[in-house]
1. At 7 Å along the Cα-to-beta-carbon direction for both residue 63 and residue 39, put a label point, then send me their distance in nm to one decimal.
2. For the chain, what is the calculated [θ] at 222 nm in deg cm²/dmol (nearest 500), taking -39500 (n - 2.57) for each run of four or more DSSP H residues and dividing by its residue count?
3. Can you tell me how much longer the chain between residue 10 and residue 53 gets when fully stretched, taken as 0.36 nm per residue apart minus their C-alpha distance, in nm with one decimal?
4. Taking only the C-alpha atoms, wrap a convex hull around the stretch 25-80 and report its volume per residue in Å³ as a whole number.
5. So for the pair residue 73, residue 105, with labels modelled 7 Å out along Cα→Cβ, what separation do we get in nm?
6. FRET efficiency for residue 27 and residue 113, Cβ-Cβ distance as r, R0 = 22 Å, nearest 0.05?
């Protein structure tokens, strides 16, 4: 299995359960690993034969920026669904980091894996 990754994708969004969190945008950081067979793209050297990670990032950044979830778990699940359904990715590992969410901790978040590892 080949893996295409995106690290440290930063997006401002409304996220949280507290009233004050519903009134502001906070930064979340996404790290993404997606299964892909890169052999065809490597052989042809054509973007049409590759998983276009720019398109994935653009789609996720737009979605996350417009979302207003309460839980990072929900945000992660919806992002994984987008990647798998819209980009035909069989397996995805996604972390959503809510920077500064806990006093005394640098960050907090969730890591999910969806799909079958080829």
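None of the figures in this text is laboratory data; all of them are computed from the coordinates on show. Just so it is clear, the model here is predicted, and its values are computed rather than measured. Ideal geometry is used to build each Cβ from the backbone, glycine not excepted, and the neighbour counts take in all protein chains shown.
1. Going by the 7 Å Cα→Cβ label model, 2.9 nm.
2. -9000 deg cm²/dmol
3. Values: separation 43, 0.36 × 43 = 15.48 nm, distance 1.51 nm.
Computed gain between residue 10 and residue 53 is 14.0 nm.
4. 86 Å³
5. Result: 1.4 nm between the two label points.
6. Details: r = 24 Å, r/R0 = 1.07.
Efficiency, rounded to the nearest 0.05: 0.40.
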